[in-house]
Amino acid sequence: MDCFLEGPSFDRQGRLYVTDIPFGRVFRISPEGEWEQVAEYDGWPNGLKIHRDGRIFITDYKRGIMLLDPESG
């Protein structure tokens, strides 16, 4: 499957989060290399940053700045 990954950022558990711009997806990669899709929506997520309190802020070309709950997606 095609993808265009951006915005790598690690959480406090050592998991890597990345955005997939053209498909509006956010992935989480465990320290062991396991991939999990956290969210998918109608947008173009260009990047993300994780706050020390666990909130994930996404910069999205179509929607502006968004907030992602990593537990519920």
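The values are calculated or read from the model by the stated rules, or taken from the named source; none is laboratory data. Predicted model only: the values in this text are computed from it and were never measured. FYI the Cβ positions are ideal-geometry reconstructions off the backbone, even for glycines, and counts take in every protein chain you see. Keep in mind that these areas ignore ligands, DNA and RNA; they rest on the heavy atoms of the full protein, side chains included. Shrake-Rupley method; radii C 1.70, N 1.55, O 1.52, S 1.80 Å.
In the full protein context, the chain carries 66 Å² of accessible surface per residue, based on a 1.4 Å probe and ignoring ligands, DNA and RNA. Carbon-plus-sulfur accessible fraction, segment 1-41 (probe radius 1.4 Å, protein heavy atoms only): 52%. Computing Cα Rg over 2.2 N^0.38 Å directly from the structure and comparing it against (1) 1.40; (2) 1.25; (3) 0.99 singles out (3). Using the average count of surrounding beta-carbon atoms within 10 Å as a protection proxy, the listed peptides 53-59, 17-23 rank, highest first, as 17-23, 53-59. For the chain, a Gaussian network of Cα nodes joined below 10 Å ranks G43, G24, G14 by mean-square fluctuation, and the top entry is G14.
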